[in-house]
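The structure appears below as structure tokens.
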Amino acid sequence: IQRVFSGVQPTGNLHLGNYLGAIVNFVKLQQTHNCIYCVVDLHAITVWQNPVELTHNIREVTAAFLASGIDPDKHIVFNQSQVAEHAELAWVLNCVARLGWLNRMTQFKEKAGKDRENASVGLYAYPNLMAADILVYRATHVPVGEDQKQHLELARDIAQKFNNDFSESIAAKGYDAKFFPQPEPLITGPATRVMSLRDGSKKMSKSDPSDYSRINLTDDADAIAQKIRKAKTDPEPLPSEEDGLKARPEADNLVGIYAALSGRTKADVLREFGGGQFSGFKSTLVDLSVDKLGPVGAEMKRLMQDPGHVDAVLVKGAERARAIAFETMKAVKDIVGFVQPK
Ligand code: ATP
Ligand code: MG
């Protein structure tokens, strides 16, 4: 049985993109894989976080996992900073990855913005930590949104370079030549890249200053309705076929959201709504969104009233994660040649 790893940053404003691009797939994969789902708090601090808010946001992402149907008894749910091996392996991988590889990462360019000299070193090295997150469990499958594709490719390159750089030691010490497996991204479903409701060229994001750009998992029915009604569209009616969405990013986005929430294909949604005006389509989308997201948001709020329970889930998950990560790190130290207890 294959192992899945994925993470979500506790940076606040969990949104529909996180839900459809990542969390919904996390839930499904529980039936076929051994899953490890991580609240990646070490990633969050690559951009400064208010400590009080960070604590709250770690619990909120955990609550979102649980409310969406992730089972922390059958699978593993924890926060990254409780398992020191993530940071430890990341250091080794910092010494395997090349500057030139990191220089190509588009997320760093976007997040650092114009004032690149002032970005944290952590923000730059983020993809190496992400590679460590996955490789420390020797996970083979990583469900993520489209925006993480480039980082996954880097993780594959890092895994391969480690295996090559240390091939003699790996063989001499009796480990499998493919010590680190090549992790495969799982980018599936009709909403792998949910766009901002205000601008069809930007991805929906936690960090967008406009709250109208995204639907938050904790939004109530009124907020969901307002945001969808105000969502940017063009004046044309909906097309009848998927091809007609090509030059219409806002229409494409709303149809994609509808398809993902209803478990249908975009083509199928257009067979029903093609030729109609946006106003009617938006009303149906509001009902569908409230129907699907309402219970998740309500359960998150319920869980957040008992932080003791949420914290206990994380502690227990971290213990189980650590047991796996410790074994990998022990082997890595052996392969690299560090002296350590037998
Ligand atoms: P940040 O702006 O802090 O990076 P984020 O919205 O990108 O926040 P992350 O925690 O970085 O959220 O990502 C968590 C998961 O959600 C990842 O698998 C990522 O690919 C996915 N994801 C993020 N935004 C979207 C989106 N707009 N559409 C689909 N998937 C998304
Ligand atoms: Mg992100």
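Any read-out appearing in this document is the output of simple, stated calculations on the displayed coordinates, not a laboratory observation. Computed from a prediction, not measured in an experiment: that's the story for all the values here. Virtual Cβ from ideal backbone geometry, glycine too; neighbours counted across all protein chains shown.
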**Message:** I'd like the chymotrypsin sites (Phe, Trp or Tyr not before Pro) in region 36-75 restricted to DSSP loop residues with at most 11 other Cβ atoms within 10 Å, sorted by number.
**Reply:** W48
**Message:** If I take every Cα pair under 8 Å that is 6 or more residues apart in the chain, average their sequence separation and divide by the length, what percent do I get for the relative contact order?
**Reply:** 24 percent
**Prompt:** Can you tell me the Rg and Dmax of region 237-342, counting just the alpha carbons, in angstroms?
**Reply:** 24.2, 71
**Message:** Give the residue list of trypsin sites (Lys or Arg not before Pro) in region 9-92 that are DSSP loop and have at most 10 other beta-carbon atoms within 10 angstrom.
**Reply:** K74
**Complete:** Check: C-alpha center region 15-93 vs C-alpha center region 219-269, spacing in Å is 28 Å
**Asked** Computed on alpha carbon atoms, what radius of gyration and Dmax characterise region 301-342, expressed in Å?
**Response** 16.5, 49
**Fill in**
Checked against a 25 Å limit on the C-alpha separation, the offending pairs among K28/K301; K149/K266; K109/K266; K114/K202; K227/K292; K28/K316 are K109/K266
**Cα-based helix-to-principal-axis angle, 149-165 vs the chain, degrees rounded to 10** = 10 degrees
**Asked** Say each of Y212 and K246 gets a label point 7 Å from the Cα, pointing the same way as Cα to Cβ; how far apart are those two points in nm?
**Response** 3.2 nm
**Complete:** Of every Cα-Cα pair in the chain, the percentage lying beyond 27 Å is 48 percent
**Prompt:** For the Cα atoms of the chain, what angle does the longest principal axis make with the long axis of helix 307-336, in degrees from 0 to 90, nearest 10?
**Reply:** 40 degrees
**Message:** For the chain, what does the helix formula give at 222 nm: sum of -39500 (n - 2.57) over DSSP H segments with n ≥ 4, over the residue count, nearest 500 deg cm²/dmol?
**Reply:** -16500 deg cm²/dmol
**Prompt:** What Kirkwood radius, in Å to one decimal, follows from the Cα pairs of region 51-167?
**Reply:** 15.9 Å
**Item:** Surrounding net charge for E88, when Lys and Arg each add one and Asp and Glu each subtract one, Cβ distance under 11 Å
**Value:** +1
**Folded to 0 to 90 degrees: helix 278-304 orientation relative to the chain principal axis, Cα** = 40 degrees
**Prompt:** Listing L314, L93 from the residue with the fewest other Cβ atoms within 10 Å to the one with the most, what is the order?
**Reply:** L314, L93
